[in-house]
Amino acid sequence: VWDVAIVGGGPAGMAASVEAARHGLSVIMFEERVALGGQIYKQFGPGFVVKDPSAMGRDYRDGQKLLGAVQESKVMVRTNTSVLSIYADELVVVSGDQKAETIRARRIILAPGAHDRPVVFPGWTLPGVITAGGAQTMVKTQRVVPGERILFAGSGPLALAFPAQLRKYGANVIAALEAGPAPRLNDLFHLAVKAPRNFSVLRDALTYRLALLRFRVPLHYRRIIVRAEGEDRVEMVVHAKADADWHPIPGTEERVAVDTLCIGYGFFPSTELMRLAGCEMEYDENLGGSVVRLDEWMRTTVPNVCAVGDGAGVEGSIVAIAQAQIAAVGIAADLGFIGLDQAESISRPWRDKLRVKRAFAKILQRMHNVGSGVYELDEPDTIVCRCEGVRSRELQDIIESTSDIPVIKGFTRAGMGLCQGRNCQHHVAAMISRHYSIPVAAIPLATARFPVRPVFLRQVADDSVESKKYFVPDAESADD
Ligand SMILES: Cc1cc2nc3c(=O)[nH]c(=O)nc-3n(C[C@H](O)[C@H](O)[C@H](O)COP(=O)(O)OP(=O)(O)OC[C@H]3O[C@@H](n4cnc5c(N)ncnc54)[C@H](O)[C@@H]3O)c2cc1C
């Protein structure tokens, strides 16, 4: 039995693992990708060699520092290993195409990060329409630019960062559209005065803005995507002026020819394992909708389970790392490796960091409040659940008779596919909210189900169970 098992090898998972190991706890960490790093510290694909680290930028260097600390620690790292389920003190994990196994730990830290906020609009499933995270992965890990004429549409701080990053890697970004308003001098004054000590974030934002100016990428505020058009892939994009709630204003549409549309309207925390564990959830649209309830040591309402990082609410890497360190020393104290007084004094600077970041984020969120219009772009024929091919009309028909997401899922199969609702569930909730005039926050999500990642049945099947009549455990002839 491990003292701590950590799900996710991003900044949060890595920071938690190093801190827990520092206090003598035995730690195992699972990461489903081939390498540690998560989103911001994503590493290059195999075959790439960095010749000059000093040319790689601050994120790369910070990431290498954290990766080095993990390597120097006694943390057992299991990459290429997905956690499929959680039950009490057990995790069900699967490495590559091997059989699933069960790992037990006295405490579990969930640090699964976030995924792109999907936005459903006519044409969103056309090849060439990609998420900002997907585009970033291509350029960051493979140095591949996703297309030759790229339009970026999104909102929030990353709507500045992504197009600037893409352009830096040589991509031809023809324009960037921000759904929210242009920052006013007053906003910038508030950020600088009411949330001091966030200079580095302001400096990054300014650097990205200047990069867009230097590369002559026009940035249009208050414009939102309306639809993507094309035969076999995206060829044209229609965008329009957005009102304060991000509804497109009729008569303001513009059409532009592209081969790639990159969508970046923010992120959703990956909460499947938290919901599966039975953790209580609450709602905060600006943290990504449904988020897990935490105490001051990042403990969820399930006694042995902590949650940290973007998976516990999208707040960026500095908050993710501070939360992770707090959770780790909290567990060290809980398990008797250090005293509570010691844990409190060690965690003080990290709590201070959280306060500083959150003061800044609060003001920023007011500037980039997610508008409800982003969930109202679909037309009756638009596919909402892309895994199961369920259209808006079919969902609307069933929503006339029920507001219960699990029932809607049962009737239409929306949310039953490979992504398990990560792409469509929030949109379905927004449709229900509109139809019944109830807040999205009051609509419970569908129950999370095992396995949270797609897996071959043979990997989780119990070979000891045999029924000559119905099946034999024969991997060769088994139909996966
Ligand atoms: C797409 C995307 C792009 C971003 N780009 C930037 C940027 O350019 N600049 C910036 O400042 N911030 C960026 N951010 C924000 C920043 O990267 C995050 O705040 C930070 O990485 C959060 O760290 P984390 O450890 O909580 O999550 P992540 O970095 O997302 O790490 C979570 C890890 O958990 C793993 N995981 C998830 N589920 C499982 C499972 N079931 N089993 C095993 N492993 C699992 C994932 O593979 C991932 O590696 C981005 C965020 C996202 C989602």
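Listing for the model above:
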| quantity | calculated |
| --- | --- |
| Number of positions in the stretch 352-377 that are of a type in the set (Gly, Ala, Ser), assigned to a helix (DSSP H, G or I) and within 18 Å of Arg434 (Cα to Cα) | 2 |
| Segments classed as strands (runs of 3 or more DSSP E), wholly inside the stretch 279-351, with at least 2 members that are surrounded by 20 or more Cβ atoms within 10 Å (Cβ to Cβ) | 289-292, 305-307 |
| Looking only at the stretch 265-305, and only at residues there that are more than 14 Å from the chain's Cα centre (by Cα) and of a type in the set (Gly, Ala, Ser), the one that is nearest to Glu90 (Cα to Cα) | Ala277 |
| Filtered residues of the stretch 206-247 (kept if over 28 Å from Glu285 (Cα atoms), without any contact (Cβ under 8 Å) to a residue 24 or more places away in the chain and among the hydrophobic types (A, V, I, L, M, F, W, C)) | Leu210, Leu213, Met236 |
| Flag for Ser433 being part of a loop (DSSP other than H, G, I, E, B), more than 16 Å from the ligand (Cβ to nearest atom) and over 22 Å from the mean Cα position of the chain (by Cα) | no |
| Leu261 being within 16 Å of the chain's Cα centre (by Cα) and modelled with pLDDT of 95 or more | no |
| Matching option when the condition is surrounded by fewer than 15 Cβ atoms within 10 Å (Cβ to Cβ) and more than 23 Å from the chain's Cα centre (by Cα), among Thr412, Thr402 | Thr402 |
| Filter pass, Leu191 being away from the ligand (no atom under 14 Å from the Cβ) and of a type outside the set (Lys, Arg) | yes |
| Lone unmet requirement of (1) of a type outside the set (Gly, Ala, Ser); (2) within 18 Å of the chain's Cα centre (by Cα); (3) away from the ligand (no atom under 11 Å from the Cβ); (4) in a loop (DSSP other than H, G, I, E, B) for Thr141 | (4) |
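Residue by residue, here is whether (1) assigned to a strand (DSSP E or B); (2) surrounded by 14 or more Cβ atoms within 10 Å (Cβ to Cβ) holds:
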site	(1), (2)
Ala159	no, yes
Ala182	no, no
Val193	no, no
Arg197	no, no
Leu202	no, yes
Tyr208	no, yes
Arg216	no, no
Ala240	yes, yes
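The values are calculated or read from the model by the stated rules, or taken from the named source; none is laboratory data. Bear in mind that the values here come from a model prediction, so they are computed numbers and not experimental data. Heads up, the Cβs are rebuilt from the backbone with ideal geometry, glycines too, and the neighbour counts pull from every protein chain shown.
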